[in-house]
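Below is one structure, written out as structure tokens, with a few remarks after it.
The values are calculated or read from the model by the stated rules, or taken from the named source; none is laboratory data. Every value quoted in this text rests on a predicted model; they were computed, and no experiment measured them. Here the Cβ positions follow ideal geometry from the backbone for every residue, glycine too, while neighbour counts run over all protein chains shown.
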Amino acid sequence: MSLLRRLHPLDWLAGGLLALGVLCVATGLLPREPAGDVLERIGPLVVFLATVIVLAELTGKAEVFDVVATWVARVGRGNYALLFCLCVAFASVTTITLNLDTTAVLLTPVMLALATRVGIAAVPLAMTTVWLANTASLLLPVSNLTNLLAADRVALAPSEMAATMWAPQLAAIAVTMACLWGFYWRPGRRGAVSYAPPAPPSPKDRVLFRVCAVACGGFLVALLLADVPLWSASMTAALVVVAAFAIRDRGALRLSLVPWRLLVLVPGMFLVVETVNAHGLHDLLAAAMGSDNGLVGMLRSAAVGAGFSNVLNNLPAYLAGEAAIPEANHQQLLAQLIGVNVGPVITPWASLATLLWFERCRWHGTRIDLRRFLGTGLVLSVAGTLSATLALAATT
């Protein structure tokens with residue numbers, strides 16, 4: 001009973017979704033063949049989630065994030081406005097050039113370590129990461145798994161996608177900056193006028209520090225320059241780091257490093273969505289989005305994508321929505337992409353990046369007020385999705 005009382009609400013959600021998904025398969029609501037296809041499809045994603053979390057946990061213990069955070073704070077020179085711009089640029093570039101899940105896993109600890117080292121509020125820095133991990137993921141196919149699917153559907157090369165999505169991306173980032181400053185960064189919210197830049201850090205174990213830094217750097221370089229799957233790059237980097245800790249600090253290797261909540265949540269979520277899709281979701285989405293490839297159809301598709309993402313999750317929302325959009329309606333599809341990328345910032349489960357971010361915050365001990373998270377996220381979701389969709393309509 002004490003274990004049950006310690007469970008987080010997201011633990012109950014994850015367990016409930018998995019139980020519901022298994023029940024759907026057991027009762028025949030979801031036939032075994034499509035269920036097997038779903039599990040095969042998400043296998044690499046689950047491996048990526050498990051290994052990248054372990055990589056981030058151990059890299060944090062090796063103080064790599066503290067060093068990076070100190071560098072950012074020193075460049076900011078005690079000026080909150082400059083620090084804000086640096087953090088926004090850092091999060092946006094990381095999301096655009098890598099992907100939103102990497103930003104949530106690797107950049108969130110940097111921001112939280114920055115708050116600890118400088119002695120400033122952690123929540124504004126944490127919110128910068130989670131919001132831009134989602135809203136800055138429009139520009140390139142690599143920025144988001146949904147982008148890869150959309151780029152394949154409309155046959156856009158990376159340069160062509162950037163040429164199409166540059167205006168929506170700028171609009172989404174601009175709205176995110178305004179919301180971040182108004183809700184979290186302005187003086188009345190952050191509670192300080194300036195901060196004192198910290199002294200250069202000195203890692204306790206320089207060997208672990210160097211190994212983890214090289215492993216993380218190799219992971220990022222592999223994603224940028226090598227044509228390797230996400231799960232392969234993250235697993236290789238995690239194995240290197242685990243081996244180093246096994247030699248230098250074996251006590252840090254614990255089963256609690258593995259993100260069990262996510263590993264339970266993801267299969268359950270996909271099984272449930274596949275079941276619902278097989279029993280009328282396709283027709284419902286097609287009716288909600290319509291078949292207009294003009295502005296009205298774009299706005300409808302973006303709104304449905306954002307809403308459905310916050311109810312379930314943006315990846316299954318995109319897959320279900322893509323199937324309901326006519327093949328030739330490229331603008332409507334790209335508008336739906338905006339909805340599932342910029343819109344899922346309201347609920348904790350709306351995107352995998354947000355779930356990963358919550359794990360990082362929990363590990364750091366940063367408390368997120370869920371009511372405020374939902375309320376401010378609603379404002380950003382509506383304003384960001386609307387402005388990015390209008391920018392897409394105006395430039396295409």
Qualifying positions in the range 355-381 - in a helix (DSSP H, G or I), touching a residue at least 24 places away in the same chain (Cβ under 8 Å) and among the aliphatic types (A, V, I, L, M): Leu355, Leu356, Leu374, Leu378, Val379, Leu380
Tally, over the range 63-76, of residues that are farther than 23 Å from Ala353 by Cα, in contact (Cβ under 8 Å) with a residue 60 or more places away in the chain and touching a helix residue (DSSP H, G or I) at 6+ places or on another chain (Cβ under 7 Å): 3
Val345 vs. criteria touching a helix residue (DSSP H, G or I) at 6+ places or on another chain (Cβ under 8 Å), surrounded by fewer than 19 Cβ atoms within 10 Å (Cβ to Cβ) and not polar (S, T, N, Q): no
3 or more residues over 26 Å from Leu230 (Cα atoms) and among the basic types (Lys, Arg): qualifying helices (runs of 4 or more DSSP H) within the range 59-126: none
Residues that are of a type outside the set (Gly, Ala, Ser), touching a helix residue (DSSP H, G or I) at 6+ places or on another chain (Cβ under 6 Å) and free of Cβ contacts under 8 Å to residues at least 24 places away in the same chain, drawn from the range 209-242: Val228
Scope the range 364-387; condition of a type outside the set (Ser, Thr, Tyr) and within 13 Å of Ile173 (Cα to Cα); matching residues: Leu380, Ala383, Gly384, Leu386
Selected residue (criterion: surrounded by the most Cβ atoms within 10 Å (Cβ to Cβ)) from residues of the range 254-267 that are assigned to a loop (DSSP other than H, G, I, E, B) and touching a residue at least 60 places away in the same chain (Cβ under 8 Å): Pro259
Ala81, sole failed condition from (1) without any contact (Cβ under 8 Å) to a residue 12 or more places away in the chain; (2) at positive phi: (2)
Residue in the range 279-294 that is surrounded by 15 or more Cβ atoms within 10 Å (Cβ to Cβ), hydrophobic (A, V, I, L, M, F, W, C), over 21 Å from the mean Cα position of the chain (by Cα) and modelled with pLDDT under 80 present: yes
